[in-house]
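First up is the structure itself, then whatever we jot down about it.
The values are calculated or read from the model by the stated rules, or taken from the named source; none is laboratory data. Model, not experiment: these values are computed from the prediction. Backbone-built Cβ (ideal geometry, glycine too); neighbour counts: all protein chains shown. Just the protein is used for accessible areas: all its heavy atoms, side chains included, with ligands, DNA and RNA removed. Shrake-Rupley method; radii C 1.70, N 1.55, O 1.52, S 1.80 Å.
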Amino acid sequence: MIFENMGFYFREALLSFRRSTLMSMATILSITTILIIVGVFLLISINSSLFLKNIESQLEIIVYLEDNISQAEINNLKSNIASIDGIKEVKFVSKEEAYQRLLKDLGEQKDILSAIEKNPLPASLEIQVKDPKMIEQIANRIAEFKKVEEVEYGREIAEKLLNFTYVFRRAGMLVLALLVFASILIISNIIKITVYARRNEIEIMSLSGATSWFIKWPFIIEGFLQGFISSLFSIIILYYFYIFAVDKVHQAIPFLPLVVDNMDLLPIGIAIVLLGSLVGILGSMFSVGKYLNV
Amino acid sequence: MIRMFHVYKNYPNKIQALRDINIHIKKGEFVFLVGPTGAGKSTFLKLIYRGIVPTKGQVIVDGINIARLKSGYIPYLRRNIGIVFQDFKLLYNRTVYENVSFGLKAIGATNFEIRQQVNKVLNLVGLEHKRKIKPHLLSGGEQQKLCIARAIANEPLILLTDEPTGNLDPYTSWEIMKLLFHINIRGTTIIMASHDKLMIDKAKKRVVRLERGRIIEDTQRGTY
Ligand SMILES: Nc1ncnc2c1ncn2[C@@H]1O[C@H](COP(=O)(O)OP(=O)(O)O)[C@@H](O)[C@H]1O
Ligand SMILES: [Mg+2]
């Protein structure tokens, strides 16, 4: 019964769009504005999240090796470490490489090394972990391996950083939740106004003996279309705005990591479409319900 | 067709709009519901189309107890009842034709049925030549006729009219009355709330008198 009449409901919804063009346009404009605000926040938050990840990934464990370690033992140790859960990468740095690095770092001042005959630097393994939260645990395990002189991971910095990113993410989520909640309220109120404008029609339909679903469907479709069209508008506007903004930021700070892959931006688009369409549908459904109980 | 047993209606603000109403209205009857403003006439009519439910007592319409009617069945009750509202409830952004077709569309009538019925009732009330204009360009009497056309488009068993001649001159009022008698003769049960003394005395129909929510008189061929 519902789907038999779908064509009719769609025609009714479109007709009402045409009958009150100005109202529909105002509605779409308002919803678009709200969705753009949500979208800007989402874009800021995925970029901050990328930024935090980037900082976190710079945390690494450095394992200094004993001087008497053999090549076989190094290989053995490397593979033992690599088999620990949560290890991303293990990189060997020989005594010679460490020396070269130091030379490079010292630059002009490299003369001070000439006083020392033998290379004093130990060979090391530089380890990157998948989840920075695991860094302490993994470092403690590695410390127990043989031929390991010392394990270093900048405990204090790591802890502070992880604390900071944790709080930052939580705060972001809270703000996001509030923003989404507010946008749901605002959009459903905008929809409510469009339904209110037609409360007489709803009342007459109901008194003529129309079933409540027959009355609701055109409004639901109209609400959906208003939400959906608004979300498409806001996505288009956000997209061009974002490309422009990324360009400007990169001109100012060339190496700042920003989300530019369209596939990474897609979830935001989907979220906006869902937010617009669902609130459009549910908002009109509840609003009509209010005027149905004549 | 309509029976009420010990019906009471209290509004949330503690007003007792109806008290101990007992009545039996047979199929095809024409009944005037008279009484001063605030007597409970509109409330009485609302009970019949289940715009409200009684606080106490039973209202039976065409064999259906409206207090126990599940909300899903209300639409089907209302398809048997035409209503002419005291405040018209016309859609002023739609044409005369659309005002009538609107209700038929709402109950899923086919385009053919809609065209046929709308033309028929607009002819009956004499508005066929004004089908394309908006209601605000109609006179009061014409708007009332449009309301009647809309109410009977679905050929209901019962027609409820709430003070349809309230604001009209005697000549136009009598025109409206004749229209209602005509509809009544074709078998539709009509209840008309009114305090239009002239029309009621002239009509010589059953008169049910309400005062402060009670029926104080019920006379066949009565006067105001
Ligand atoms: N929706 C309502 N809420 C509260 N009181 C109402 C409502 N409708 C009517 N009343 C009151 O009930 C009484 C009867 O009203 P009504 O049935 O409209 O009388 P009538 O149609 O005879 O003028 C009046 O006192 C009126 O103020
Ligand atoms: Mg009244």
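Checked against the criterion of being open to solvent by less than 10 Å² (accessible area, probe 1.4 Å), more than 16 Å from the chain's Cα centre (by Cα) and away from ligand 1 (no atom under 15 Å from the Cβ), the stretch B:37-50 has no qualifying residue.
As a summary of the residue check, residue B:86 satisfies the conditions (1) within 16 Å of ligand 2 (Cβ to nearest atom); (2) within 14 Å of residue A:203 (Cα to Cα); (3) among the polar types (S, T, N, Q) except for the one numbered (2).
Cβ-Cβ distances below 7 Å connect the following pairs, each with a first residue in the stretch A:7-26 that is among the polar types (S, T, N, Q), a second residue that is part of a helix (DSSP H, G or I), and a separation of six or more residues or different chains: A:16/A:218; A:16/A:222; A:24/A:17; A:24/A:226.
Residue-wise test of (1) within 14 Å of chain B (Cβ to nearest Cβ); (2) basic (Lys, Arg); (3) touching a Pro at 6+ places or on another chain (Cβ under 6 Å).
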residue	(1), (2), (3)
A:200	yes, no, no
A:209	yes, no, yes
A:213	yes, no, no
A:217	yes, no, no
A:221	no, no, no
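Among the residues of the stretch A:41-61, those identified as crowded, with 16+ Cβ neighbours inside 10 Å and either closer than 11 Å to residue A:126 by Cα or free of Cβ contacts under 8 Å to residues at least 40 places away in the same chain (or both) are A:59, A:60, A:61.
Considering only residues that are crowded, with 18+ Cβ neighbours inside 10 Å and either more than 14 Å from every other protein chain (Cβ to nearest Cβ) or among the acidic types (Asp, Glu) (or both), which ones fall in the stretch B:67-76? Quick ask: steps written out before the conclusion?
Let us first name the residues in the stretch B:67-76 that are crowded, with 18+ Cβ neighbours inside 10 Å, namely B:74-75.
Result: no residue meets the conditions.
Where helices (runs of 4 or more DSSP H) fall entirely within the stretch B:10-125, those with at least 3 residues that are out of contact with any strand residue (DSSP E or B) (no Cβ under 7 Å at 6 or more places or on another chain) and of a type in the set (D, E, K, R) are at B:111-125. Can you pull out the residues in the stretch B:77-94 that are open to solvent by 50 Å² or more (accessible area, probe 1.4 Å), more than 16 Å from ligand 1 (Cβ to nearest atom) and either at pLDDT 95 or above or under 15 Å from the mean Cα position of the chain (by Cα) (or both)? Listed by number, the residues that qualify are B:79, B:80. Checking each residue of the stretch A:244-254 against the condition of being modelled with pLDDT of 95 or more and either of a type in the set (Phe, Trp, Tyr) or part of a loop (DSSP other than H, G, I, E, B) (or both) gives at least one match. Annotation: of all residues in the stretch B:158-188 being hydroxyl-bearing (Ser, Thr, Tyr) and surrounded by fewer than 23 Cβ atoms within 10 Å (Cβ to Cβ), the one that is farthest from ligand 2 (Cβ to nearest atom) is B:171.
Residue by residue, here is whether (1) β-branched (Val, Ile, Thr); (2) within 14 Å of residue A:281 (Cα to Cα); (3) not in a helix (DSSP H, G or I) holds:
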position: A:182; (1), (2), (3): no, no, no
position: A:185; (1), (2), (3): no, yes, no
position: A:188; (1), (2), (3): no, yes, no
position: A:191; (1), (2), (3): yes, yes, no
position: A:200; (1), (2), (3): no, no, no
position: A:206; (1), (2), (3): no, no, no
position: A:210; (1), (2), (3): no, no, yes
position: A:213; (1), (2), (3): no, yes, no
